[in-house]
Every structure is written in C-alpha cells, then in structure tokens.
Amino acid sequence: MSSSSALVPTTFASGAPLPAILTNAGESVIQRVLTFFTSHLPNAHTAEAYARAVLPFLSWCDTQGLGLEDVQAVHVSGYLRELEEHRDLSETSLKARLAGIRSLFRFLVEGGFLRYNPAHDVRGPKLRRRGGKTPHLEGPDMRKLLDAIDTDSLVGLRDRALISTMAYAFPRVSTALRLRVGDFESSGAGYSVYLRGKGGEQHRQALHHEAASAVLQWLEAAGITEKQAPLFQGVWPPRGPRQKATGKVMQRNTVLQMVKRRAERLGMDGNLCTHSFRATGITAYVEAGGSLQTAAQMAGHADVRTTQLYVRSSEKSLRSEVERIRFE
C-alpha cells in the first residue's frame, strides 16, 4: 500500500470489516470496491442486496487463502454449491448471489484491476417458476382492509392513501415512497402519479378515482402543499388530536409493519406484505378483462412473463379443477 494507507477505510459504512482479500489487494482496489457500493449501484436498496451477496463470498475466499487474482470460476461455482447444499437457499437467492458477485468483478475488470471476471461463465441454477409466491388478497378482502382503516386520524388517512395507491397503481413500495407531492397531479379527467421505478424506469400512471380521492383527503388533512415534499410522510405523534406530518418520507419497514398490523387485526394472512398489493391489483385488473400487456406497462415490467407471475387467476382455476378428484 502507499504511504496514505492510513486513510484507507478498514470497514464498510455498515461497520462490516473489509475482507482480507481486499485489504491485501491494495488501496486502489479498496477504493474501487467502495465506489461500487456507494456510487456505481443505482440506489441504497440495491447496494444493501449486493453487499449481502458479495461480502460473504469474499470472506469465504479468505478462508480458502485466495488473493483477488487467484479467484477463478471453479471457486465461484464451488461457493454457490456449498450454499445450495448447506444453507438450502432457493434458486432465486442463489441467482441473486451470483448476480452480485458477477457485477462486482465486472466492475473491477472495467477499472483495470483484474484481467477477467471469474463469475462471467458460471451458470446459475435454472429457475422455472410458473406462479408467484407473494401472498395476495382476494377482492372482498382488499375491500375489507381499505374500509377498516379509521379515517378520523391523520395516520389512518395516510395509510389508506398509501395502500390505495399501491393496490390501484401497482408500484413497489420503494417506488411509492419516492413520490413527491408534485408527482400527483390532475390530468384532465382525473389524477395521475409519476412513478420512478427500478433500473431508472419512469412513467406517468393514471390513478384510479378511489386512490386519487384518498390521496387528496390525506394531503388536505395534513396541510401538505410543497411540491417537493414527500407524498407519504411520517406522522407524529402516532396517536391523539395533535398529529402532524413530519415532512420526512416514511421508511419501508414502517410501512411493512403497518400493513402487517392492520392485516392481523382483521385476521388476514400473516405473510401479507407491501408487495402483496402489487399482486392483488394486477390480478384484479386482469380478472376484470384488462390485458396482460397493459398490466405489464402499468407495473413497469419489460416482459409480460414477469407480470404473469403476479396474476393468480390461474391458481384459482387449478384449485377448482383439483377439487374434481374423488376417492370414493
């Protein structure tokens, strides 16, 4: 290392120590890896996911006594095989691990720090999923959930507005939380929202009148008018007549806990999550005669096969068919 090595971080921002495979490679490699996590990846959520994929692999390389230049495809595939055998990870999780490892090493190759990407030719497990796993709500249960929200409080108005937006416009929770007040606007016959999704995908989405009404009531009650302010804000205190919007965007985990709490009160599936509203809305739209292609456009999917995973109508058909079986 150079004489400035004292300035080189020995841990990530999360506090996790740098694996020896990096510290032994030198200051410039460390800075390149930190740049990958802090600047190269599109957002903090992706960085967190890639860190969970990459750091254990780099630590595994330490246990094998490997230097950065020593890592080969056989090591990457061997590591993934160990995960599959000893940790019983799903095909999706293994593919995510491989994607993170491949992306980091590609970044090092592009920067001239490695000659080749050892993960480039490693084949991940084949994923043949015919249906999605995200729990969803049937129409009557979705209606029950929305109607059960107490709109006499600021928290209730906000929660109904947020859940309605996710169910009627199909955004991921992270996309919904990126919305600013100025992204919600009148567009002729109704209202729309400007959604900024994964991978830089952006589009303006018409908003169902019920969701638009819920958002308008929330904004009016909260007195939020600043166009650059987060559309869905925290509220403090959480109870009582003195509730006020904080001006700060809600956190994803806060939304998740809110959804689970409201679902539990109604005796609904304990596995219900924020992504459930995406599956619920898409299924309801397709069942009402909407096309899969339009649903994909609304959901921001590049491939209708991805959208198909969210449609649970086929599951219900199969469920009714299997009931034909009789052992008498």
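The values are calculated or read from the model by the stated rules, or taken from the named source; none is laboratory data. As the structure is a prediction and not an experimental result, all values here were calculated from the model. Heads up, the Cβs are rebuilt from the backbone with ideal geometry, glycines too, and the neighbour counts pull from every protein chain shown. Side chains included, ligands, DNA and RNA excluded: accessible areas come from the protein's heavy atoms. Shrake-Rupley method; radii C 1.70, N 1.55, O 1.52, S 1.80 Å.
Structure notes:
- Note on segment 26-40: residues that are closer than 14 Å to Leu108 by Cβ and within 20 Å of the chain's Cα centre (by Cα) amount to 3.
- Among (1) more than 22 Å from the chain's Cα centre (by Cα); (2) modelled with pLDDT of 95 or more; (3) open to solvent by less than 30 Å² (accessible area, probe 1.4 Å); (4) within 30 Å of Leu58 (Cβ to Cβ) - the single one Val122 does not satisfy: (2)
- Residues satisfying the stated conditions in segment 145-155, i.e. within 16 Å of Met258 (Cα to Cα) and either open to solvent by 90 Å² or more (accessible area, probe 1.4 Å) or modelled with pLDDT under 90 (or both): Asp147
- Here Leu108, Leu94, Leu80 are screened, and the one residue that is touching a Lys or Arg at 6+ places or on another chain (Cβ under 8 Å) and either of a type in the set (D, E, K, R) or free of Cβ contacts under 8 Å to residues at least 60 places away in the same chain (or both) is Leu80.
- Unmet requirement for Val54, which otherwise passes all of (1) modelled with pLDDT under 90; (2) touching a Leu at 6+ places or on another chain (Cβ under 6 Å); (3) open to solvent by less than 30 Å² (accessible area, probe 1.4 Å); (4) closer than 29 Å to Thr175 by Cα: (1)
- Odd one out for Ile163, checked against (1) of a type in the set (Val, Ile, Thr); (2) under 17 Å from Ser276 (Cβ atoms); (3) out of contact with any Gly (no Cβ under 6 Å at 6 or more places or on another chain); (4) not in a helix (DSSP H, G or I): (4)
- Those residues of segment 239-251 which are part of a loop (DSSP other than H, G, I, E, B), open to solvent by 20 Å² or more (accessible area, probe 1.4 Å) and either among the aliphatic types (A, V, I, L, M) or within 22 Å of Gly139 (Cβ to Cβ) (or both), in sequence order: none
- Qualifying residues in segment 252-274 (those that are in contact (Cβ under 8 Å) with a residue 60 or more places away in the chain and in a loop (DSSP other than H, G, I, E, B)) - the one most open to solvent (accessible area, probe 1.4 Å): Asn271
- Of all residues in segment 288-311 being under 17 Å from Pro135 (Cα atoms), in contact (Cβ under 8 Å) with a residue 12 or more places away in the chain and not hydrophobic (A, V, I, L, M, F, W, C), the one that is most open to solvent (accessible area, probe 1.4 Å): Gln308
- Considering only residues in segment 178-192 that are in contact with a Phe, Trp or Tyr (Cβ under 9 Å, 6 or more places away or on another chain) and small (Gly, Ala, Ser), the one that is farthest from Ala211 (Cα to Cα) turns out to be Gly182.
- Considering only residues in segment 196-231 that are assigned to a strand (DSSP E or B) and in contact with a Ser or Thr (Cβ under 8 Å, 6 or more places away or on another chain), the one that is surrounded by the most Cβ atoms within 10 Å (Cβ to Cβ) turns out to be Leu207.
- Restricting segment 144-185 to residues that are of a type in the set (Asp, Glu) and touching a residue at least 40 places away in the same chain (Cβ under 8 Å), the residue that is nearest to Thr225 (Cα to Cα): Asp183
- Taking the conditions (1) surrounded by 17 or more Cβ atoms within 10 Å (Cβ to Cβ); (2) touching a helix residue (DSSP H, G or I) at 6+ places or on another chain (Cβ under 7 Å); (3) in a helix (DSSP H, G or I) in turn, Val193 satisfies each one other than (3).
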